[in-house]
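Scroll down for the structure; my scribbles are underneath it.
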Amino acid sequence: MSNTCSKTLREEIVKLKRKKNVIILSHNYQTQEIQGIADFIGDSLELAKEATKTDADIIVFCGVDFMAETAAILNPDKKVIVPSTDVTCPMAAQLSAKLVKDVKTKNPDIPFVIYVNSYANAKAEADVCCTSANAAKVVEKINSDVVFLGPDANLAKFAENRTGKKVIPIPSNGYCYVHKEFNVKHVEKMREKYPDAAIIVHPECDPDVQQKADFVGSTSQMLKFARKCDYDTIIVGTEIGLIERMRREIPDKTIIPLHEVICKGMKLNNLKNLFEALKFESNVVKIPEDTAEKARKAIKKMFELL
Ligand code: SF4
């Protein structure tokens, strides 16, 4: 898209925003053009919180589908719109509502903690939600020494290591294909090349990658670490969108990707489809109210535990 074209689109989006009382929320993995027009940029937890605070009539949610579902669940009286309906998360699809229900039926005494990276109907069957920023805290606070956590097996292991509780991953091998791309060789290579740098990674990375890192955290926690730490160079193990944000917002530090990885779904939103969705108020996220009500309980339980 030419600069003139994207400038015109930006101006048109800003006009529509004012006219329709709109807030645009963007995940850290969105493209720079989407982050640039957003009112708020954050990780899943920050976006979920922001969605509960807004008095806008329309939320344009720029992330993947399960995130927009969460915003819709928390805002039943607002219109939640997504730029593209093709933006899906393969990890969320790895945990069906049926699987959560079957596990719960067979093990009624073990709480099921569901990662926010899951669909509304699966959340509706779980006990409490968590995000990558608070998974360990939620597991810690829950009144049981054994919990189920899905769909990300690496996040389950991370929560187990942090809390000392038994965290059983459901399914046993759920994963994010983006964070699976990082391996120990990437860490070792970067350590050798930049011995004075900090290496920070996301808890969706494999446990051996996490073990070799200096810090493990959600995207917002990595951003905070990069802002506050004394290191001049930070090697970042997550999707490229966060690295671009860090470079924009922390220009005095050198930010280097551990290995360049892209979440393809996240990049399907752009100014053109955002403008069209907002203009025609199309791509409205709809969740059946009985599902939304049950899923809301799991999300609210997370906020209560924190
Ligand atoms: S980065 Fe991984 S978990 Fe996040 S939206 Fe993309 S595929 Fe899903």
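The values are calculated or read from the model by the stated rules, or taken from the named source; none is laboratory data. It should be emphasised that the depicted structure is a prediction, and the values quoted were computed from it without experimental measurement. Note that each Cβ is placed from the backbone with ideal geometry, even for glycine, and that neighbours are counted across all protein chains shown.
Take the residues in the stretch 96-136 that are of a type in the set (Lys, Arg) and touching a strand residue (DSSP E or B) at 6+ places or on another chain (Cβ under 8 Å); name whichever of them is farthest from Lys297 (Cα to Cα). Please lay out each step first, then the result.
Of all residues in the stretch 96-136, those of a type in the set (Lys, Arg) come to 98, 101, 104, 106, 123.
After this cut, where a residue has to be touching a strand residue (DSSP E or B) at 6+ places or on another chain (Cβ under 8 Å) as well, the list is 104, 123.
Working: Lys104: 16, Lys123: 9 Å.
Looking at the filtered set, the residue picked out is Lys104.
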### Query
If a residue has to be more than 11 Å from Lys294 (Cβ to Cβ) and not hydrophobic (A, V, I, L, M, F, W, C) to count, how many in the stretch 121-144 make the cut?
8
### Query
Of all residues in the stretch 19-32, how many are crowded, with 18+ Cβ neighbours inside 10 Å and in contact with a helix residue (DSSP H, G or I) (Cβ under 7 Å, 6 or more places away or on another chain)?
9
### Message
Let me confirm something: among Ala126, Ala159, Ala135, which residue is more than 15 Å from the ligand (Cβ to nearest atom) and touching a residue at least 60 places away in the same chain (Cβ under 8 Å)?
### Response
Ala126
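Could you pull out every one of the helices (runs of 4 or more DSSP H) wholly within the stretch 213-306 that has 2 or more residues that are under 22 Å from Thr88 (Cβ atoms), among the aliphatic types (A, V, I, L, M) and at pLDDT 95 or above?
Passing ranges, in order: 240-249, 271-280, 289-305.
Rundown of residues vs (1) modelled with pLDDT of 95 or more; (2) touching a Cys at 6+ places or on another chain (Cβ under 9 Å), yes/no style:
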residue	(1), (2)
Gln30	yes, yes
Asp39	yes, no
Lys53	no, no
Val60	yes, no
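Take residues that are within 13 Å of the chain's Cα centre (by Cα) and within 16 Å of the ligand (Cβ to nearest atom) and tell me which of the helices (runs of 4 or more DSSP H) falling wholly in the stretch 3-104 contain 2 or more.
Passing ranges, in order: 44-53, 65-74.
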### Message
If I go through the stretch 177-199 residue by residue, how many of them are within 16 Å of the ligand (Cβ to nearest atom) and in contact with a Ser or Thr (Cβ under 9 Å, 6 or more places away or on another chain)?
### Response
3
### Query
Can you name every residue in the stretch 255-306 that is in contact with a helix residue (DSSP H, G or I) (Cβ under 7 Å, 6 or more places away or on another chain), among the basic types (Lys, Arg) and farther than 17 Å from Ala120 by Cα?
Lys272, Lys279
### Message
It is to be established whether one or more residues within the stretch 232-242 are farther than 26 Å from Lys193 by Cα and within 14 Å of the ligand (Cβ to nearest atom).
### Response
no
### Query
What residue, among those in the stretch 247-264 that are within 16 Å of the ligand (Cβ to nearest atom) and either among the aliphatic types (A, V, I, L, M) or closer than 23 Å to Cys5 by Cα (or both), is surrounded by the fewest Cβ atoms within 10 Å (Cβ to Cβ)?
Ile262
